[in-house]
Amino acid sequence: APPPSLTVADRLLAGGTARAAAQCVMYPADALRTLAQTRGGAGSLRSSSLLSGAGTTSAFAYGIGALQFAVFGTVAPLAGPLAASVCGAAASCLCSVPQEVLKQRLVTGIYPSFGEAVRRIWTAQGPSGFYAGWLPTVSRNVPFVAATFTAFAALEARALRASGEERLRPSESVAIGMSSAVLAATLTQPIDVVKTRLMTQAASALPPYAGVRDCALTMLRTEGGPAAFYAGLPQRILYAGPLWALQFGLNVRLSQALLERRRAAAERAAAAERAAVERVGRLRGGSYARPLHGTARPGAAGGWRGGRRLAACSALPRPDDFASVASWEEAYAAPGQDAPADWLAEYDEVRPLLAAALPGRGSLLELGCGTSPLAAQL
């Protein structure tokens, strides 16, 4: 059997849990980044701002991490890390844009609470209000996540070649994750500043931006020039570096734990299969060179009825004689051959083998069951 691997559900669980935990820990640093990037007069540093909406908006982080890691892990073997990271980033925007809108407006004091923010945005703009500034957010997230995951994959491959191991250690994941995120954050900082100013401009007394282009031109002409596009970069690195380091490190640890559980379950199933085969072999008075569902050969011919060996079944053909019509005629001419019989063993003896190989539900078509009660027992 092929070695066990992570399922999509495993990747959703590991990625979502890792991102949610990392987001909660790094929320104050993200609040500092938001306040540093807001338009002049919009943000003021208050201790309450650093934790405003931390628990509720971080709940969105579970969906973000789950989608990013699940999509990346599923697509990467088929299309490579770059295409997989782009797909993961695009999918995660379903959760990340509403999270950014709520988080940044809570941090800058536009709304006093999470519930009030949801109510007022929904009343004023409906569902579209939660996707304000979606274009710059997607324009930032896709290249940022693509750069982070692609850099991580390249550095991971290099580290594994050097160490000869199959998987990174958590400490290696933390170091590589931080390096990848710092590089990606620096490259995408201008887009991040534009996105933040569009989302938080309601907190400013200045005339609102007309859109992405107007925001960029206004920043360039009257709000600090090119340097304005890198406002809050130290705070963003302080946030993004540890965030992604924790996220990658926790994801690796959780993924390894889930994979170990699957390996242990597979080993238990294999042990149960071996034990079942050995029991069948002892009951048949013979031995099996391979598992029963392969090319097993019983040590002696015979059959079963009510848990007792049928003496009349000693004439049943051996596997080598299955193609012989004369052998079958002779076997069925023996007394008692019209009774239900399992030639190798009773159902309870082979049930562990069947349970490991058959789906848990659905329809089964059994061909050539003869007088065996196997179909009814299944």
Within the stretch 245-265, can one find any residue that is among the β-branched types (Val, Ile, Thr), over 30 Å from residue 149 (Cα atoms) and either surrounded by 18 or more Cβ atoms within 10 Å (Cβ to Cβ) or free of Cβ contacts under 8 Å to residues at least 60 places away in the same chain (or both)?
no
Looking only at the stretch 105-138, which residues are open to solvent by 20 Å² or more (accessible area, probe 1.4 Å) and more than 22 Å from residue 27 (Cα to Cα)?
119, 120, 122, 123, 124, 125, 127, 128, 135
Do the conditions hold for residue 175, that is, is it out of contact with any Asp or Glu (no Cβ under 6 Å at 6 or more places or on another chain), small (Gly, Ala, Ser), open to solvent by 20 Å² or more (accessible area, probe 1.4 Å) and modelled with pLDDT under 85?
no
Mind checking which pairs have a first residue in the stretch 58-80 that is within 17 Å of residue 258 (Cα to Cα) and a second that is outside any helix (DSSP H, G or I), Cβ under 8 Å, 6 or more apart or different chains?
73/6
Which ones in the stretch 123-160 are farther than 21 Å from residue 98 by Cβ, without any contact (Cβ under 8 Å) to a residue 60 or more places away in the chain and out of contact with any Leu (no Cβ under 9 Å at 6 or more places or on another chain)?
155, 157, 158
Which of the residues that make up the stretch 60-86 are under 24 Å from residue 128 (Cβ atoms) and more than 13 Å from the chain's Cα centre (by Cα)?
60, 61
For residue 70, all conditions in the list (1) modelled with pLDDT of 85 or more; (2) surrounded by fewer than 24 Cβ atoms within 10 Å (Cβ to Cβ) hold save one; what is the number of the exception?
(2)
Sort out which residues of the stretch 328-353 are surrounded by 17 or more Cβ atoms within 10 Å (Cβ to Cβ) and modelled with pLDDT of 75 or more, and write them in order of number.
349, 350, 352, 353
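The values are calculated or read from the model by the stated rules, or taken from the named source; none is laboratory data. From a predicted model like this one, the values you see are computed outputs, not experimental measurements. We place every Cβ from the backbone using ideal geometry, glycine too, and count neighbours over all the protein chains shown. What goes into the accessible areas is simple: the full protein's heavy atoms, side chains included, and nothing from ligands, DNA or RNA. Shrake-Rupley method; radii C 1.70, N 1.55, O 1.52, S 1.80 Å.
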